[in-house]
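Beneath this line is the structure, given in C-alpha cells, with notes to follow.
The values are calculated or read from the model by the stated rules, or taken from the named source; none is laboratory data. Every value quoted in this text rests on a predicted model; they were computed, and no experiment measured them. Please note: Cβ atoms are built from the backbone with ideal geometry, for glycine as well, and neighbour counts cover all protein chains shown. Accessible surface areas use protein heavy atoms only, side chains included; no ligands, DNA or RNA. Shrake-Rupley method; radii C 1.70, N 1.55, O 1.52, S 1.80 Å.
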Amino acid sequence: MNFLIQILISIFIGACFIFLAKRFDKSQTLYFFTGFFTSLFTRVIYLFIYGFITDFTIDQEFNLHKYLSIILSIVIAYILFMLLKKRLIKSQSEHLDINEIGKQ
C-alpha cells in the first residue's frame, strides 16, 4: 500500500511537470519523466543513505525516514519545478515575437 502511495505521488509530480511543458510548448513526455524520476530517485537515494548509516537494519525509525523521504522528494521536485519555470520564462522573454518588435 505504501509503495502504491509513493508511485501515485511521483505520478502527480510528473503531471505537474506536464503542466509546465504545455505552458511553454515543450516535450510533455520528457517533462513527465523528469518530474517522475526526480521524485522517485530522491526517495531511493535518501533511503540508501539512511541504510548506509544504519547498516541496513530495519527499526521503528525506518517508517519515520520513509515518510521524510516522501517529503524531501516533494520539496526537491518543487525546487526543480520552480527553477525550470524561471529558466523557461527567461528564455521565452529573450525570444521576442515579430509582432512585439513593432510595439517597442
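What to note about this one:
- On the stretch given as the stretch 1-20, residues that are out of contact with any Gly (no Cβ under 9 Å at 6 or more places or on another chain), under 15 Å from THR42 (Cβ atoms) and touching a residue at least 60 places away in the same chain (Cβ under 8 Å) total 2.
- Whichever residue in the stretch 19-43 is of a type in the set (Ser, Thr, Tyr) and assigned to a helix (DSSP H, G or I) and, among such residues, is nearest to GLN92 (Cα to Cα): TYR31
- Among the residues making up the stretch 26-57, a single one is within 14 Å of LYS85 (Cβ to Cβ) and more than 11 Å from the chain's Cα centre (by Cα): LYS26.
- Residues located in the stretch 63-77, provided they are of a type outside the set (Val, Ile, Thr), out of contact with any Lys or Arg (no Cβ under 9 Å at 6 or more places or on another chain) and surrounded by 15 or more Cβ atoms within 10 Å (Cβ to Cβ): HIS65, LEU68, ALA77
- Which listed residue is modelled with pLDDT under 90 and exposed (fewer than 11 other Cβ atoms within 10 Å of the Cβ), from LYS86, LYS90: LYS90
- Listed by first and then second residue, the pairs with beta-carbon distance under 9 Å, at least 6 apart or on different chains, first residue in the stretch 41-55 and under 15 Å from SER10 (Cα atoms), second of a type in the set (Lys, Arg) and open to solvent by 100 Å² or more (accessible area, probe 1.4 Å), form an empty list.
- Within the stretch 46-75, the residues that satisfy the criterion of being polar (S, T, N, Q) and assigned to a helix (DSSP H, G or I) are ASN63, SER69, SER73.
- Output for the stretch 17-46, where each listed residue is among the hydroxyl-bearing types (Ser, Thr, Tyr) and open to solvent by 50 Å² or more (accessible area, probe 1.4 Å): SER27, THR29, TYR46
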